[in-house]
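The values are calculated or read from the model by the stated rules, or taken from the named source; none is laboratory data. Computed from a predicted model, the values in this text were never measured in an experiment. Note that each Cβ is placed from the backbone with ideal geometry, even for glycine, and that neighbours are counted across all protein chains shown. When the accessible area is computed, the model is the full protein with side chains, heavy atoms only, and any ligands, DNA or RNA have been set aside. Shrake-Rupley method; radii C 1.70, N 1.55, O 1.52, S 1.80 Å.
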Amino acid sequence: MNTNIVLIDDHKLFREGVKRILEFEPSFNVVAEGDDGESAGSLVAEHRPDVVLMDINMPQMNGVQATAELIAKYPDMKVIILSIHDDENYVTHALKTGAQGYLLKEMDSDALIEAIKVVSEGGSYLHPRVTHNLVKEYRRLSEEGGRGSTSGGQQSRTIEYRKPLHLLTRRECEVLQLLADGKSNRGVAESLYISEKTVKNHVSNILQKMNVNDRTQAVVTAIKNGWVEVL
């Protein structure tokens, strides 16, 4: 099935570059383009796309505001935010409005295509560095919460670090750790001296075995269980 996409970004050169990348994917169809958040509503109403790629910084109405309005009117609309900001405050604010994806504009074409496919199928997708920053913040808040809940002078128990070898193969454990480190598929491939295709197969196996929809959920689950270290 084809995936219809509306692209909203006020930088025409960047927008044209993204559109050119998407045109190489046979199942993708860019049905409309806009240069401001205010145009998003009318374009979505007219074309009813499967996915909206939304720049976060735009005049008149920014991407977060536009996403909030779209989700309020079309609760099932799938929005991926495009941003230069990897700060967790930007990310959490965007996700709270209902966005299912958050990509940094430094992404490569493979990440863009993968994100659209994952989100269009109902999953969520965060840029690897964004995921890494979020899980670090999650770990920090968890540790602070644990210290705050201790009583009688006792220290909170440190989560025992252990690899989930009962669930994953040793290679899959290595891939999971590198995902937690914020590596993209290419970064994992370079670190382990394997092909990107092999990495994709490992990631697919990890998601299936962990019963999660996407790599972000896999990393968060691994953090909660102490299966990976967060640097």
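Brief remarks follow.
- Contacts under 7 angstrom Cβ, first residue in segment 88-110 being in contact (Cβ under 8 Å) with a residue 40 or more places away in the chain, partner loosely packed, with under 14 Cβ neighbours inside 10 Å, 6 or more apart: LYS105/ILE84
- Unmet criterion (only one of (1) assigned to a loop (DSSP other than H, G, I, E, B); (2) modelled with pLDDT of 60 or more) for GLN155: (2)
- Residues in segment 19-42 that are closer than 17 Å to ALA99 by Cβ and among the aliphatic types (A, V, I, L, M): 1 in all.
- Residue check, LEU176 touching a helix residue (DSSP H, G or I) at 6+ places or on another chain (Cβ under 7 Å) and part of a loop (DSSP other than H, G, I, E, B): no
- Any chance HIS93 is open to solvent by 50 Å² or more (accessible area, probe 1.4 Å) and either assigned to a strand (DSSP E or B) or closer than 22 Å to ARG129 by Cα (or both): yes
- Of all residues making up segment 203-230, the number that are over 19 Å from GLY187 (Cβ atoms), open to solvent by 50 Å² or more (accessible area, probe 1.4 Å), in contact (Cβ under 8 Å) with a residue 24 or more places away in the chain and not in a helix (DSSP H, G or I): 1
- Residue count for segment 1-31, restricted to those that are over 20 Å from TYR90 (Cβ atoms) and open to solvent by 10 Å² or more (accessible area, probe 1.4 Å): 21.
- Of the residues making up segment 33-79, those that are of a type in the set (Asp, Glu), open to solvent by 10 Å² or more (accessible area, probe 1.4 Å) and within 19 Å of the chain's Cα centre (by Cα) are ASP50, ASP76.
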